[in-house]
């Protein structure tokens, strides 16, 4: 990652420090947390589908009724809607989904549904994204991962010597929103990209990134772009230790070399030969491959957050045809990711969770798209040492209020469903928090994952 881009990413991820009056949330009360150490050795990749992805790729069990009632014709617009044996959309990643289900690698939860939002009539991007990334309906709540970081630190699971416990490949998000008590710097997310371009390395740095002091030491000219030599690197390290005051900044400079070497070692690691499950050639695949290489190499990293850049956004109000291609690429990448985890012997402890802010209305509108809905799928992969995968959980019905462009999926009576905040409760649970509901407005973990 180029230094300028890294600085932007780091500032974005750490913006709560810069704007405490506007971005700090309520202080976490650690004394209320019941924590018990477990042997999960859990690591998580969170893939957040910004824009609210349609649930149809993983659930077209109601497609005949949807077609009959839709404003626009599904058959005339999409190039095939073929149900798989479990009711997934074959052309939209369904073949890969079926393979993951058959291998016991994934559960599709079809009824992640918010009764709270339904009662409030809330289907707004910003508010729903914030709630799902904070794991709370409270406006002053901190982010899931800011809470998790402080709880793990308080229980001596992570400390200042833990290497990169939280990593972001998406920049700023509410997952890391801090409370009134700032999160220590070593618990803040480190920003990386899929190429592992090393922000800590002092080589091939151009003139624009030098301070005046560095220029004077090296007698550097604006036309010189050869970069640092080892002697100069040693001088810079010495100056950093001499001139910085004791504390976290000095410590961070002292660890720069360690982090630089470590990131280089991850970048140099080789993905096993996955045969027919080789990663597809697209930007998102490169991200998920990089995330898995990082977690395999570094057990200290607890959570990596990723958006779906490289695939596109999911706010498909119009021209939803590209949704099919995006889902095909997403689940092709996830199928490769599970093959990668198995080749590395890590499918027991590393899990992947895929969700967004909400799902979509299933009426295909006059612009050939779907408007906002209130039911989405949660896809959970891996973590087989502590998750009990069941393939498909939950059934849906079509809710037709009889007005134009209003056609929804809702949980069928008697089926298993949960509020989106239960995703946060599940994350807390696998990392040792026995009463996660006190952080998630009373919503407990997704029980079907553990029984």
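Scanning the stretch 426-449 for residues that are touching a strand residue (DSSP E or B) at 6+ places or on another chain (Cβ under 6 Å) and under 20 Å from residue 394 (Cβ atoms), we see that the one that is surrounded by the fewest Cβ atoms within 10 Å (Cβ to Cβ) is 448. Among the residues of the stretch 167-198 satisfying the criterion of being part of a helix (DSSP H, G or I) and buried (at least 20 other Cβ atoms within 10 Å of the Cβ), which is nearest to the chain's Cα centre (by Cα)? Residue satisfying both the conditions and the ranking: 175.
Within this structure, residue 104 passes the test of being part of a loop (DSSP other than H, G, I, E, B) and under 30 Å from residue 88 (Cβ atoms). Could we say that residue 179 is at pLDDT below 90, within 18 Å of residue 142 (Cα to Cα) and in contact with a strand residue (DSSP E or B) (Cβ under 7 Å, 6 or more places away or on another chain) here? Judged against the criteria, residue 179 is a match. Note on the stretch 118-140: among residues that are in a loop (DSSP other than H, G, I, E, B) and under 19 Å from the mean Cα position of the chain (by Cα), the one that is surrounded by the most Cβ atoms within 10 Å (Cβ to Cβ) is 135. Only one entry of 97, 164 meets the criterion of being under 17 Å from the mean Cα position of the chain (by Cα) and either crowded, with 22+ Cβ neighbours inside 10 Å or assigned to a loop (DSSP other than H, G, I, E, B) (or both), and that entry is 164. Being buried (at least 20 other Cβ atoms within 10 Å of the Cβ), over 30 Å from residue 34 (Cα atoms), without any contact (Cβ under 8 Å) to a residue 60 or more places away in the chain and within 22 Å of the chain's Cα centre (by Cα) is a property that residue 375 lacks.
Listed by first and then second residue, the pairs linking a residue in the stretch 317-329 that is on the phi < 0 side of the Ramachandran plot to a residue that is surrounded by fewer than 22 Cβ atoms within 10 Å (Cβ to Cβ) and in a helix (DSSP H, G or I), with Cβ atoms under 6 Å apart and 6 or more places separating them unless they lie on different chains, are 324/91.
The values are calculated or read from the model by the stated rules, or taken from the named source; none is laboratory data. Just so it is clear, the structure is predicted and the values come from calculations on it, not from any experiment. Note that each Cβ is placed from the backbone with ideal geometry, even for glycine, and that neighbours are counted across all protein chains shown.
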